[in-house]
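Step one of this worksheet: look at the structure below.
The values are calculated or read from the model by the stated rules, or taken from the named source; none is laboratory data. Owing to the predicted nature of the structure, the values given are computational and were not obtained by experimental measurement. Positions of Cβ are generated from backbone atoms using ideal geometry, with glycine treated the same way; all protein chains shown enter the neighbour counts.
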């Protein structure tokens, strides 16, 4: 250590163990390679202050603790110590940071000598982003909206027809007018319950509410069954009415044909040489003017005038009967009941159009625009929970 003599046996022993007893100059200063930053001769050892300090990185610590750590680490070979060989000295804190200075202890001086490397922050794994659903194109949204509106109008039209049929069928079974209207409106309610129940069923199913969906399905089937029965009864009553009208027209046609045949026979009995009514009336007027009404030709002309009038009357009746037959034939062709479309099939299809068309349209619009509204408000969880 040159001219410097120490008064501490512990420090003298530490210097000898570290091999630095002759490294200090007359001022008690020695220089070593910094184990923290590796600066050659950058670490200043001071016996007077009992401290070590690096001029390059600013790390410092107690001299005694440094010597003991150097002894335990062995020869440095002029290379920075590894973490396994010596604990780094803590770097000086910037003066701008107003932190309380910890009270040094012997254990802390022995441990915290060299600058501790800042713990490398373990890069946290990026949080997997929730895959965003692809935004529906405006063209797709427009097409689905238009189709849903078409289905909605068609379903409501079918529901209106079904309600009208139920009203007519149920009201026809009661003779009292007030009760007939009440029972008629019950059929309309059944039609509304049908397509409304199926709409709720598909909405609950899409949201995975099985209990509510089954209850809505039972309600919808009750309304659908009542509506199908009412529409079937209405169609059967109409078909029966058409059949009765057609049969009445057939009977009337047969009667008219019989009358035409009878009138034709009477017309054939009138002599064809019978003069016209106008001619006979003119002849009789002339005879009456001449005052010869007592003669036989006058009486014969009167008889002939009666036959002429009878002939004209028969001809008018035959012409009118034939016109009636022609109209009856045309009406009978139009009112002939259709045999290829059963009433139950028509009622079933009308109920399907009413219930399923309306429910498809309403649920589509609900899913389309309800999901969009949740997405616009930023509530992703709610948007995904929608059906």
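For the reader, a short list of remarks on this structure follows.
- Qualifying residue in segment 11-18 (condition: without any contact (Cβ under 8 Å) to a residue 24 or more places away in the chain, assigned by TED's automatic domain parsing to the domain that holds residue 72, within 19 Å of residue 71 (Cα to Cα) and part of a loop (DSSP other than H, G, I, E, B)): no
- Going through (1) at positive phi; (2) surrounded by 14 or more Cβ atoms within 10 Å (Cβ to Cβ) one by one, residue 301 falls short only on (1).
- Within this structure, residue 190 passes the test of being over 28 Å from residue 309 (Cβ atoms), modelled with pLDDT under 85 and in contact with a helix residue (DSSP H, G or I) (Cβ under 7 Å, 6 or more places away or on another chain).
- Every listed requirement among (1) loosely packed, with under 15 Cβ neighbours inside 10 Å; (2) at pLDDT below 85; (3) part of a helix (DSSP H, G or I) is met by residue 214 save one, (2).
- Single unsatisfied condition, residue 328 versus (1) at pLDDT 80 or above; (2) surrounded by 14 or more Cβ atoms within 10 Å (Cβ to Cβ): (1)
- Pair list, Cβ under 9 Å, 6 or more apart: segment 247-266 residue under 14 Å from residue 327 (Cβ atoms), other residue outside any helix (DSSP H, G or I): 249/335
- Annotation note: Cβ proximity below 6 Å between a residue of segment 311-323 that is farther than 20 Å from residue 253 by Cβ and a residue that is modelled with pLDDT under 90 and surrounded by 13 or more Cβ atoms within 10 Å (Cβ to Cβ) (sequence gap 6+ or interchain) occurs for 311/270.
- Test: residue in segment 159-174 that is outside any helix (DSSP H, G or I), at pLDDT below 85, within 28 Å of residue 350 (Cα to Cα) and in the same structural domain as residue 352 (by TED's automatic domain parsing): yes
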